[in-house]
Amino acid sequence: MASTLVKKYFREDTLPHIWCPGCGNGIVTRAIVKAIDSLGLDKDDVCIVSGIGCSSRAPGYLDFNTLHTTHGRALAFATGVKMANPKLNVIVVTGDGDSSAIGGNHLIHACRRNIDITTIVFNNNIYGMTGGQYSPTTPTGDKGTTAPYGNLDANFDLCELTKGAGASYIARGTAYAAKQLEKYIADGIKNKGFSFIEAITACPTYYGRKNKKGSAVDMLQTVKESAVMDKAWDKLTEEQKEGKFKIGKFHDVKKPEYTEQYGKLIESFNKGED
Amino acid sequence: MATTTTVGLKSHTVEDKWCKGCGICVAFCPKNVLELENEIVVVKRLEDCIQCGQCELRCPDFAIWLGGK
Amino acid sequence: MTIKLMQGNEACVEGALRAGMKFYAGYPITPSTEIAEISAVELPKIGGKFIQMEDEISSMGATIGASLTGLKSMTATSGPGFSLKQENLGYGIISEVPCVVVNVQRGGPSTGLPTSPAQGDIMQSKWGTHGDHSIIVLYPNSVREIYDITIRSFNLSEKYRTPVILLLDEVIGHMRERIEIPKDAEIEIIDRKKPTCSPEEYKAYEVKEGEIVPDMAAFGSGYRYHVTGLVHSETGFPAGATKAEGLMRRLIDKIEDNTEDICTFEEYMLDDADTAIVAFGCTSRSAKSAIKSLRKDGYKVGMFRPITIWPSPEKQLEKLSKEVKRILVVEMNDGQYYLEVDRIAGKNTKVEKYGRLNGEIIPPDEIISVVKEGYNG
């Protein structure tokens, strides 16, 4: 038995999903589906593409055109899909490691092209599928199985990264504030261009245990308490910002979209221009 | 198996096959309607429920929702 | 019939367009770059799409994504890029996505000899991606043949729902030859079979009775299904070890059981030969010239030229091994295809190799002396 939403948009027979108890991925996945529902998109016109990792299992549960690709390469495959059929609403579901370590190059170039793909990063600050290794978003000093003495790396701010690379819509939300996240995702899909939505979520099994962050409930509570809306964030002192992060819609600009530009090029030949 | 609890016009359904007992819905319910029993959520005090849907919103397993089957 | 003077790499694009290519994703690399450049010029004119991706890996990914969305797709590269494409190539194999991957070979390993010819990717083209698999690899030896074989690469990829590798030699890719463009009636174009059942009935990876591969629906065509690089069941969803043997067997057998259809080859002056040269690509042209000369001196030499190098033409090579006293495998590497020929023919006849690694094509004179040594020794 399932809710109306699940019945309509999920492949019910593939549930329950593989994610651990209390994993935020399910919350973010539901937010994506709610966003699609709010826009009233036809399921045949949506293609969800993922790479490898915990988050990348999401498309398999969803009743759209779904493509579970190789590690880090979701945006590469998605670019081919979008180019081939620009009418499709292409959504990429990826993780922090998938999108910004192994797939970092594809991320910045998809931003640069401003191709009409909405990318949702499930940022849980860890490689979960392989058992808890530190990722490009693991905070400096935190532990992973490959950072047993604390992570020496500085971590990425993915929203700043994608802004620098040229994305036209950028927002950060959380698995706690799931309604707000839905809104960001819906706005991202509506944006004609590359949209980047970072969803801060929690991995109680690996990141949580390794860093003594408590239960799934404790971790979601921490996410709630650490997230500060961007307007309020700007008023905080550096000291007050410690251990917190900013959420909100950070960037929303109009600029030429890649497949539209390519369409115009094709059109110019149809009209006999050269 | 899915269990629907109904009080007056309010009803709430739990699919216990999908519930993994994480307790998120219990913790974030503003009216303390839910409890875990044998690591599965049960709707204990539906009369107090304000149908805000916070449980459904944050259930990572799509195992609890407002309304019937 | 139209007659044109054309470069090998150009003939590859012309053939691809003739076959129905509508999408190309690539990354610049010598000596294949003209294939990208010409595709960039031509594709938008016919409503097709070209994109220069950020790297070789994403070029392979985009090629597969576009094919899944219904467009005949191609990418081209050379050694270093071919290495980078291997993971996604394996994805194309397990998820059964038709596409053509051109590798205009150069000297390797690593950066090697970027502008010099080599035939060093024979084994990589077969075993480059990890895990057990079968693959189709075609190897033309002239500009005209590049045109035909590129069409055939698309046809085979569509028919068998698998990536097809087109191996080219740098010297042919960059050579200009006179080619006759065949008329439409002379060319067969094969398109993937689309499902005719209702979307509800569609199982994306179910092979129907009498078919070789599953029907393929394009993303966005109303058939919503799941594609994964994981081992999957006939529904397309991950299935784990219980389905692995059956899936792997099917993927290998759809190629290995159809070698009669897939394998093409040329036999040259083999009727009375006691010595056979096995060669492909540019080396076969030197070999042909050597044979003409050797024949004038009375040596009974012929050539077997596989055009499909993988799957190997096992039946023909075995037959040949019973007819000649000596097989000489001449290739611009240290004996890669020799290993395959020796495996098949070595039990019946003497199989020897001759190769070079210096980035220069093997001239006929050298082949002549190696053949003569065999008669003297």
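The values are calculated or read from the model by the stated rules, or taken from the named source; none is laboratory data. These numbers come from a predicted model, not from an experiment. When we count neighbours, we look across all protein chains shown, and the Cβ atoms used for this are built from the backbone with ideal geometry, even at glycine.
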Q: Please tell me if A:R172 is among the charged types (D, E, K, R), within 14 Å of chain C (Cβ to nearest Cβ) and out of contact with any His (no Cβ under 6 Å at 6 or more places or on another chain).
A: no
**Q.** Single unsatisfied condition, A:K179 versus (1) of a type in the set (K, R); (2) away from chain B (no Cβ under 14 Å); (3) more than 15 Å from the chain's Cα centre (by Cα)
**A.** (2)
Q) Going through the stretch C:108-135 one residue at a time, which ones are under 18 Å from the mean Cα position of the chain (by Cα) and farther than 27 Å from A:F77 by Cβ? A) C:P117, C:A118, C:Q119, C:G120, C:I122, C:M123
Q) Among the candidates C:I307, C:I344, which residue alone is surrounded by fewer than 23 Cβ atoms within 10 Å (Cβ to Cβ) and touching an Asp or Glu at 6+ places or on another chain (Cβ under 6 Å)? A) C:I344
Q) In this structure, does C:R152 turn out to be touching a strand residue (DSSP E or B) at 6+ places or on another chain (Cβ under 9 Å) and farther than 30 Å from C:A118 by Cβ? A) no
Q: Pull up the stretch C:49-71, narrow it to residues that are in a strand (DSSP E or B) and surrounded by fewer than 24 Cβ atoms within 10 Å (Cβ to Cβ), then point me to the one that is farthest from the other protein chains (Cβ to nearest Cβ).
A: C:Q52
Q | Enumeration of residues in the stretch A:64-119 that are of a type in the set (S, T, N, Q) and either at the interface with chain C (Cβ under 8 Å from one of its Cβ atoms) or in a loop (DSSP other than H, G, I, E, B) (or both) | A | A:N65, A:T66, A:T69, A:T70, A:T79, A:N85, A:N105, A:N114
Q: Mind listing whichever residues of the stretch A:1-19 are within 10 Å of A:D63 (Cα to Cα), crowded, with 18+ Cβ neighbours inside 10 Å and facing chain B (nearest Cβ under 10 Å)?
A: A:V6, A:F10
Q. Looking at C:T264, C:T275, C:T259, C:T308, which is the one that is β-branched (V, I, T), in contact with a Phe, Trp or Tyr (Cβ under 8 Å, 6 or more places away or on another chain) and closer than 26 Å to C:D121 by Cβ?
A. C:T308
Q) Which one of these is surrounded by fewer than 22 Cβ atoms within 10 Å (Cβ to Cβ) and under 29 Å from C:R176 (Cα atoms): C:G79, C:G90, C:G26, C:G108? A) C:G108
Q. With A:G132, A:G53 as the choices, which residue is more than 7 Å from chain C (Cβ to nearest Cβ), touching a strand residue (DSSP E or B) at 6+ places or on another chain (Cβ under 6 Å) and surrounded by fewer than 24 Cβ atoms within 10 Å (Cβ to Cβ)?
A. A:G132
Q. When you scan the stretch C:122-223 for strands (runs of 3 or more DSSP E) that lie fully inside it, which ones turn up with 3 or more residues that are more than 14 Å from chain A (Cβ to nearest Cβ), buried (at least 20 other Cβ atoms within 10 Å of the Cβ) and at pLDDT 95 or above?
A. C:136-138, C:163-169
